[in-house]
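In what follows, a structure is listed as structure tokens, so that the remarks can point back to it.
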Amino acid sequence: MSTIAQILKDTKSGMEKALEASKRDFAGIRTGKASPNMLDTIKVEAYGSLVPLNQVAQVSAPEPRILLVTPFDKGQAKVIEKAIRESELGLDPAHQGGVIRVPLPSMNEQRRKELVKVLSKLAEDGRIAIRHARTDARDKVKKLDGVSEDDKKHAEKDLQKAHDECIGKLETLLKTKEAEIMEV
């Protein structure tokens, strides 16, 4: 049987995981120069399932404006190239002799605004995950037997407080990343 304290602890943990996932997603949005983790959000069809790009290839940034993707299995190069091209990142990879070169387009004002939109969508996904954790916990608290209504009300207030703190952290991350992207 769950207790209110355990439900709160699990919920806070779930909210922190959602925040960390958003942080990782934000890291994949590029600012001014190439970073291997820019491609972390890309999934590749490999061996019958979707797997993260970094599990089928090594990604490096030999130059500030170029990413180099080296597939572990050369037969996967076309599939990897297609996955990068079809991602929301707006990149145009080129397959050359077993490696995939991904030149990064220069960041014009329109491209910056597009990236901010992608960032906003990722932030909304994070907010949804945080709200979902709160809603699940609220339902668990309501179903608890042998707990007074006052304790349930206090638990709901604690859940709301944890939710608000997590959303606040997410908003701070979003504002910081937006400023980074819009910086010329």
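The values are calculated or read from the model by the stated rules, or taken from the named source; none is laboratory data. Fair warning: this is a prediction, and the values are worked out from it, not measured in the lab. In this analysis, Cβ positions are derived from the backbone assuming ideal geometry, glycine residues included, and neighbour counts consider all displayed protein chains. Accessible surface areas use protein heavy atoms only, side chains included; no ligands, DNA or RNA. Shrake-Rupley method; radii C 1.70, N 1.55, O 1.52, S 1.80 Å.
Laid out as a table, the results:
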{"read-out": "Length-normalised contact order for the range 50-89 - Cα pairs under 8 Å, 6+ apart - percent", "value": "30"}
{"read-out": "Mean Cα-pair separation over length for the chain, i.e. relative contact order, pairs under 8 Å, 6 or more apart, %", "value": "26"}
{"read-out": "Potential extension, L50-Q96 segment - 0.36 nm per residue separation minus Cα distance", "value": "14.2 nm"}
{"read-out": "Sequence-distant lysines (8 or more away, or on other chains) whose Cα lies within less than 29 Å of K113", "value": "K17, K23, K33, K43, K82, K121, K169, K175, K177"}
{"read-out": "Accessible area, probe 1.4 Å, largest first, for residues M15, M182, M107", "value": "M182, M107, M15"}
{"read-out": "Computed FRET value (nearest 0.05) for A27 with K74, which takes r as the C-beta separation and R₀ as 30 Å", "value": "0.60"}
{"read-out": "Reciprocal of mean inverse Cα separation for the range 83-158 (Kirkwood radius, Å)", "value": "16.8"}
{"read-out": "Rounded accessible area per residue of the range 42-107, 1.4 Å, Å²", "value": "54"}
{"read-out": "Cleavage-rule hits, trypsin sites (Lys or Arg not before Pro), the range 35-136, DSSP coil, Cβ neighbours within 10 Å at most 16", "value": "R65"}
{"read-out": "The range 16-74-the range 75-141 distance, computed between alpha-carbon centres (Å)", "value": "9"}
{"read-out": "Cα-based shape type of the range 36-109, given that a ≥ b ≥ c are square roots of the gyration tensor eigenvalues and the cut on a/c is 1.5", "value": "prolate"}
{"read-out": "Distance in nm between pseudo-label sites at K142 and T3 (7 Å out along the Cβ direction from Cα)", "value": "2.5"}
{"read-out": "Virtual spin-label span in nm between D125 and R65, 7 Å along Cα→Cβ", "value": "2.9"}
